[in-house]
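Below is one structure, written out as structure tokens; comments come after it.
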Amino acid sequence: MRIAREGFPYILAPALLSIILLAVGYWYVAIPFGLLAAFMAYFFRDPKRDPPVDPNVIVAPADGRVTRVSQLAPGHDNSSTLISIFLSPLDVHINRSPIAGKITDVSYTKGKFLMATDERASLVNEQNALTIEGSSVTIVCKQIAGILARRIICWKHEGEVVALGERFGLIKFSSRTDVILPESVEVLVTTGVRVKGGTTVIGRLKS
């Protein structure tokens, strides 16, 4: 399985230390470092995903559990729906584009590190917001740091074109990904369901 390149330092360091400890006979100390290296390889896994071919669907931007489906707070466009996806340390942490389109804005904001499940996290936590303009709809997708996640990584830049389900970044360790859907999208997920980035359909354009 493919592993995100950003994970290599986290894998190689404990793996090398485990090998050295085994070589000098400290196997009982080497085992925890070996297990840590294995967990890091699992955490930074980057599985291949085949997105749907329907151009009218919106897919989940991340793996995890849907923790919130609600109208945006006052001061925003009240016809838009916010979907929050919580990523535990066991979930795949690669972020994928919910639609095909052009990235018209990338906005990084420093902030706090509240629990990713906290409703305030979308407003005050460190985050990176991408605005993606498709042929029929514009979507905002936010990478939000959690209490453990201290590094948001985005591989794409303003002006680039992304395909449906294409990788655009990752968040290290537990985190949250929000997607804001306009009124023209019918929301197809509810709180509590688990989704897979790039494949689970979370919305569909209304006819």
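For the chain, what is the calculated [θ] at 222 nm in deg cm²/dmol (nearest 500), taking -39500 (n - 2.57) for each run of four or more DSSP H residues and dividing by its residue count?
Calculated mean residue ellipticity at 222 nm is -5500 deg cm²/dmol.
Can you give the local net charge around K206? Use residues other than it whose beta-carbon is closer than 15 angstrom to its beta-carbon, Lys and Arg +1, Asp and Glu -1.
My count for the surroundings of K206 gives -2.
Which FRET efficiency value, to the nearest 0.05, is calculated for Y28 and D50 with the Förster distance at 45 angstrom and r the Cβ-Cβ distance?
0.55
How much FRET efficiency would the formula 1/(1 + (r/R0)^6) give for K196 and R5, where r is the Cβ-Cβ distance and R0 is 22 Å, rounded to 0.05?
Between K196 and R5 the formula returns 0.50.
Counting only pairs 8 or more places apart or on different chains, how many lysine pairs in the chain have C-alpha atoms closer than 26 Å?
So the count of such lysine pairs works out to 25.
Could you work out the relative contact order of the stretch 1-75? I mean the mean sequence separation of Cα pairs under 8 Å and 6+ apart, divided by the number of residues, in percent.
36 percent
Within 10 Å of each residue's Cβ, count the other Cβ atoms and sort E126, E183, E133 from fewest upward.
E183, E133, E126
For the chain, find the longest principal axis of its Cα atoms and tell me its angle to the long axis of helix 27-43, 0 to 90°, nearest 10.
The angle comes out near 20 degrees.
Run the numbers on the chain and let me know its relative contact order in percent, using alpha-carbon pairs under 8 Å that are six or more apart. Working shown, then result.
Numbers: 517 pairs, mean separation 52.3, N = 207.
After rounding, I find 25 percent.
About the Cα centre, and with charges only on the beta carbon of Lys, Arg (+1) and Asp, Glu (-1), how big is the dipole of the chain? Nearest 20 debye, please. Write down the numbers at each step before the final one.
Details: 23 positive and 18 negative charges, 103 e Å.
Approximately 500 debye in magnitude.
For the stretch 92-105, just list the computed ³J(HN,Hα) in residue order, Karplus coefficients 6.51, -1.76 and 1.60, θ = phi - 60°, integers in Hz, with x standing in for Gly and Pro.
Karplus-based 3J(HN,Hα) across the stretch 92-105 equals 5, 9, 7, 9, 10, 5, x, 9, 8, x, 9, 7, 9, 7 Hz.
For a quick check: sort V189, V59 by the number of other beta carbons within 10 angstrom, fewest at the front.
By the 10 Å Cβ count, ascending, the order reads V189, V59.
Give the angle, between 0 and 90 degrees and rounded to the nearest 10, that separates the Cα long axis of helix 8-23 from the longest principal axis of the Cα atoms of the chain.
20 degrees
Would you mind telling me which residue in R65, R49, R96 has the biggest mean-square fluctuation in a Gaussian network model of the chain, where springs connect alpha carbons within a distance under 10 angstrom?
R49
Using the Cβ atoms and a cut-off under 14 Å, what net charge is assigned to the surroundings of V189, where Lys and Arg are +1 and Asp and Glu are -1?
Value of the local net charge: +2.
Bear in mind that the values in this text are calculations on the coordinates, not laboratory data. A quick note: this is a predicted structure, and the numbers were derived from the prediction, not measured. Here the Cβ is made from the backbone with ideal geometry for all residues, glycine too, and neighbour counts use every protein chain on show.
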